[in-house]
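Data block below; observations after.
Since every read-out is calculated from the coordinates, none of them should be taken as a lab result. For clarity, every value in this text was computed on a predicted model and none was experimentally measured. Cβ: placed from backbone, ideal geometry, glycine included. Neighbour counts: every protein chain shown.
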Amino acid sequence: MGYRYFAERAAGELGLRGYARNLANGDVEVYAIGQPKNLSELAGRLRLGPRLADIRQVDIQEASVIEYFGFHIE
């Protein structure tokens, strides 16, 4: 399972909204909206990632809220 799909599944399980997308530099950006405890849980899962992922760093930043319905891959 790829990282974006992993993020989509984890966010869905936690009831979060937003997206996961690849960036031009090869990074994956995840934008999530939801309850703080669920966002924290998502961050922990993203640090672990799927079994074959090569995760070097997870940066967390606050961002302006953009309304999304569900969580999807862009």
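How big is the chain on each of its three principal axes, counting only the C-alpha atoms and giving the largest first in Å?
Taking the Cα atoms of the chain, the three principal extents are 29, 24, 20 Å.
Quick one: which of 64-73, 10-19 comes out on top by average Cβ neighbours within 10 Å, and what's the full order, highest first? Please list the in-between numbers first.
Values: 64-73: 11.5, 10-19: 19.1.
The packing order, highest mean first, is 10-19, 64-73.
Of all beta bridges DSSP finds with both residues in the stretch 7-74, what is the antiparallel percent, to the nearest 5?
On the way: 6 of 9 bridges.
Antiparallel bridges: around 65 percent, rounded to the nearest 5.
Report the extension gain between Arg21 and Glu74 in nm, rounded to one decimal, defined as 0.36 nm multiplied by the number of residues separating them, less their alpha carbon distance.
18.6 nm
At a Förster distance of 22 Å, what's the computed FRET efficiency of Lys37 paired with Val58, Cβ-Cβ distance as r, to 0.05?
0.80
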